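Chemist: A single structure is presented below for examination.
The values are calculated or read from the model by the stated rules, or taken from the named source; none is laboratory data. What you see is a predicted model, and the numbers here were worked out from it, not measured in a lab. Every residue, glycine as well, gets a Cβ built from its backbone with ideal geometry; the counts of neighbours run over all protein chains shown. Remember, those area values only see protein heavy atoms, side chains included, never the ligands or the DNA or RNA. Shrake-Rupley method; radii C 1.70, N 1.55, O 1.52, S 1.80 Å.
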Amino acid sequence: MRRPTYLLAILAMAFSTALIPAAVSASSHHGPDRCVSVQPEVGFYEGGRVGTAVLTVPDSRCRTISVSHIKDPANPSDRCQTFLLGFYPLGEDGSLTYTEPVTACGGHRTVLARNVPDGTEYIALYDIDYLEQRIRFRIHH
């Protein structure tokens, strides 16, 4: 039995688009812990730290914010960095509320904050080792 050509074309197109990854900054998935994973965009550099664009905790069962898959593309053997989070809304003095800095390494998840409610807005920051360093990492929230 001969299958219609258009059906094969549709199947081929569906298969080929399944292999194309989503845009890096928009990619996400729900793991067994129901956290959404994103690779955040760079927002700013100031005083030896790089900050991400503002992130928002999605509606999920995840109650932590973690970091993983840390690497320096310019120095692949460097897989550790010090991270902290800055939470909105701004305090009375006009500044963010920050977590304590945490050193995280490699591909496993390191928790940066716990008991974070859905809808919380924040930025992730990391300390740089040299000028113009841009670390790649994933945030799980």
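Chemist: What pairs can you find where one residue is in the stretch 32-52 and within 18 Å of residue 66 (Cα to Cα) and in contact (Cβ under 8 Å) with a residue 12 or more places away in the chain, the other is assigned to a loop (DSSP other than H, G, I, E, B) and open to solvent by 80 Å² or more (accessible area, probe 1.4 Å), and their Cβ atoms are less than 8 Å apart, with a gap of 6+ or different chains?
Modeler: Pairs found: 33/61; 34/61; 36/29; 37/29; 42/134; 50/134; 52/41.
Chemist: Identify, please: which residue in the stretch 46-58 is within 16 Å of the chain's Cα centre (by Cα) and not small (Gly, Ala, Ser) and is, among those, farthest from residue 89 (Cα to Cα)? Don't jump to the end; show me each part of the working.
Modeler: Taking the stretch 46-58 as the starting set, the residues that turn out to be within 16 Å of the chain's Cα centre (by Cα) are 50-58.
Next, from what is left, pick out any that are not small (Gly, Ala, Ser): 50, 52, 54-58.
Values: 50: 20, 52: 16, 54: 12, 55: 13, 56: 12, 57: 14, 58: 17 Å.
Looking at residues that are within 16 Å of the chain's Cα centre (by Cα) and not small (Gly, Ala, Ser), I get 50.
Chemist: Anything in the stretch 50-80 that is among the hydrophobic types (A, V, I, L, M, F, W, C) and within 17 Å of residue 127 (Cβ to Cβ)? List them, or say none. Full working, then the answer.
Modeler: Here is the first cut: in the stretch 50-80, the residues among the hydrophobic types (A, V, I, L, M, F, W, C) are 50, 53-55, 57, 62, 65, 67, 70, 74, 80.
The answer is 50, 67, 70, 74, 80.
Chemist: Collect the residues in the stretch 107-141 that are assigned to a loop (DSSP other than H, G, I, E, B), within 14 Å of the chain's Cα centre (by Cα) and surrounded by fewer than 17 Cβ atoms within 10 Å (Cβ to Cβ), keeping them in residue-number order.
Modeler: The first filter runs over the stretch 107-141 and keeps only residues assigned to a loop (DSSP other than H, G, I, E, B), leaving 107-109, 115-120, 128-135, 141.
The next check asks that each one be within 14 Å of the chain's Cα centre (by Cα); those that pass are 107-109, 134-135, 141.
107, 108, 134 - these are the residues of the stretch 107-141 that are assigned to a loop (DSSP other than H, G, I, E, B), within 14 Å of the chain's Cα centre (by Cα) and surrounded by fewer than 17 Cβ atoms within 10 Å (Cβ to Cβ).
Chemist: Name the residue that is modelled with the lowest pLDDT, counting only residues in the stretch 29-69 that are among the charged types (D, E, K, R) and surrounded by 13 or more Cβ atoms within 10 Å (Cβ to Cβ). Talk me through it step by step, then tell me what you get.
Modeler: Start the filter on the stretch 29-69 by keeping residues that are among the charged types (D, E, K, R), which leaves 33-34, 41, 46, 49, 59, 61, 63.
Filter once more, keeping what is surrounded by 13 or more Cβ atoms within 10 Å (Cβ to Cβ): 33, 49, 63.
Details: 33: 61, 49: 96, 63: 94.
Across the stretch 29-69, the extreme among qualifying residues is 33.
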